[in-house]
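Accompanying notes for the structure given below.
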Amino acid sequence: MSIPKGKYAWTATVGEKGQIVIPKQAREVFGIKPGDTLILLGDIERGIAIPPKDSFAEYFSAAFGDKEGE
């Protein structure tokens, strides 16, 4: 199976305190540095996402934006 350019997959193990370690390659690809604050978006059906920090507003709006009629 070939992996499309720009697409990645990693695994992480959850520790006893609920912490995960972001793999080094992922930190390098996405420019994650010690002390950075990340946002995790969650959807019961779709899972957890960690969007790029510079697109927080866009992802937040898409995930939690008003739906017509609510």
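The values are calculated or read from the model by the stated rules, or taken from the named source; none is laboratory data. This one's a predicted model, so the numbers in the text were calculated from it and none came from an experiment. So basically every Cβ, Gly included, is an ideal-geometry build from the backbone, and we count neighbours across all protein chains shown. What goes into the accessible areas is simple: the full protein's heavy atoms, side chains included, and nothing from ligands, DNA or RNA. Shrake-Rupley method; radii C 1.70, N 1.55, O 1.52, S 1.80 Å.
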### Summary
Residue-normalised value, i.e. accessible area per residue, for the chain at 1.4 Å probe, in Å², stands at 97
### Query
How many nm is it between the label spots at Ile22 and Ile3, if each spot is 7 Å from the Cα in line with the beta carbon?
1.7
### Task
Let me have the relative contact order for the chain, percent, based on Cα pairs under 8 Å that are six or more residues apart.
16
### Task
For the chain, with all protein chains present and a 1.4 Å probe, just round the carbon and sulfur fraction of the accessible area to a whole percent.
54
#### Entry: Rg over Rh, two decimals, the chain (C-alpha only, Kirkwood Rh)
1.01
#### Entry: Lysine pairs in the chain with Cα atoms under 24 Å, if 8 or more residues apart or on separate chains
10
#### Entry: Lys24 accessible area, assembled protein chains, probe 1.4 Å, Å²
130
